[in-house]
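Novice: Once you've had a glance at the structure underneath, I'll fire off some questions.
The values are calculated or read from the model by the stated rules, or taken from the named source; none is laboratory data. Note that the structure is predicted; figures quoted are calculated from it, not measured. So basically every Cβ, Gly included, is an ideal-geometry build from the backbone, and we count neighbours across all protein chains shown.
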Amino acid sequence: MDFLNILGGGAFILTCIALYMLRNKNSYGWLVFLPSYVLQVIIFYYEQYWFLLFQMIVLFIFSLINFIKWESENESLKSS
């Protein structure tokens, strides 16, 4: 098995874990997406799929924003 397949498998596993965590309303699922996106960025950079690389960078940013927003909303609910 070559290196890119291993990275792709790791990204897939992390994505499945993140989706499971979000389904169970665990905001840390957004953070689990981040290394998955990094692995995909490496793959797309190596393969020179520039649009997909850019797409993963955007998804990385949105996942980070979603985590911050979700956590801030949870904190405001706890203090109410």
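Novice: I need every pair where a residue in the stretch 63-74 that is under 12 Å from GLY29 (Cβ atoms) and touching a residue at least 24 places away in the same chain (Cβ under 8 Å) has its Cβ under 9 Å from the Cβ of a residue that is surrounded by fewer than 15 Cβ atoms within 10 Å (Cβ to Cβ) and of a type in the set (Phe, Trp, Tyr), sequence separation at least 6 or different chains.
Specialist: Going by the 9 Å Cβ cut-off, the qualifying pairs are PHE67/TYR28.
Novice: If I ask for residues that are without any contact (Cβ under 8 Å) to a residue 40 or more places away in the chain and over 10 Å from the mean Cα position of the chain (by Cα), which ones from the stretch 29-54 would you list? Please lay out each step first, then the result.
Specialist: Start the filter on the stretch 29-54 by keeping residues that are without any contact (Cβ under 8 Å) to a residue 40 or more places away in the chain, which leaves 29, 31-45, 48-54.
Across the stretch 29-54, the qualifying residues are VAL41, ILE42, ILE43, PHE44, TYR45, GLN48, TYR49, TRP50, PHE51, LEU52, LEU53, PHE54.
Novice: Name every residue in the stretch 1-34 that is among the basic types (Lys, Arg) and surrounded by 14 or more Cβ atoms within 10 Å (Cβ to Cβ), in order of residue number.
Specialist: None; the set is empty.
Novice: For the stretch 37-80, name all the residues that are hydroxyl-bearing (Ser, Thr, Tyr) and under 17 Å from GLY8 (Cα atoms). Spell out the reasoning first.
Specialist: Residues of the stretch 37-80 hydroxyl-bearing (Ser, Thr, Tyr): 37, 45-46, 49, 63, 72, 76, 79-80.
Of everything in the stretch 37-80, those that are hydroxyl-bearing (Ser, Thr, Tyr) and under 17 Å from GLY8 (Cα atoms) turn out to be TYR37, TYR45, TYR46, TYR49.
Novice: May I ask you to list the residues in the stretch 43-78 that are aromatic (Phe, Trp, Tyr) and in a helix (DSSP H, G or I)?
Specialist: PHE44, TYR45, TYR46, TRP50, PHE51, PHE54, PHE60, PHE62, PHE67, TRP70 - these are the residues of the stretch 43-78 that are aromatic (Phe, Trp, Tyr) and in a helix (DSSP H, G or I).
Novice: Kindly indicate whether TYR37 is in contact with a Leu (Cβ under 6 Å, 6 or more places away or on another chain) and surrounded by 15 or more Cβ atoms within 10 Å (Cβ to Cβ). Steps first, please.
Specialist: On the way: in contact with a Leu (Cβ under 6 Å, 6 or more places away or on another chain): yes; surrounded by 15 or more Cβ atoms within 10 Å (Cβ to Cβ): yes.
It is true that TYR37 is in contact with a Leu (Cβ under 6 Å, 6 or more places away or on another chain) and surrounded by 15 or more Cβ atoms within 10 Å (Cβ to Cβ).
Novice: Something else now. Would you be able to tell me the number of residues in the stretch 1-42 that are part of a loop (DSSP other than H, G, I, E, B), of a type in the set (A, V, I, L, M, F, W, C) and either within 17 Å of LEU59 (Cα to Cα) or at pLDDT 95 or above (or both)? Before the answer, list the steps.
Specialist: Let us first name the residues in the stretch 1-42 that are part of a loop (DSSP other than H, G, I, E, B), namely 1-2, 24-28.
Still in the running and of a type in the set (A, V, I, L, M, F, W, C): 1.
In the following step, the residues that additionally are either within 17 Å of LEU59 (Cα to Cα) or at pLDDT 95 or above (or both) were identified as none.
Number of matching residues: 0.
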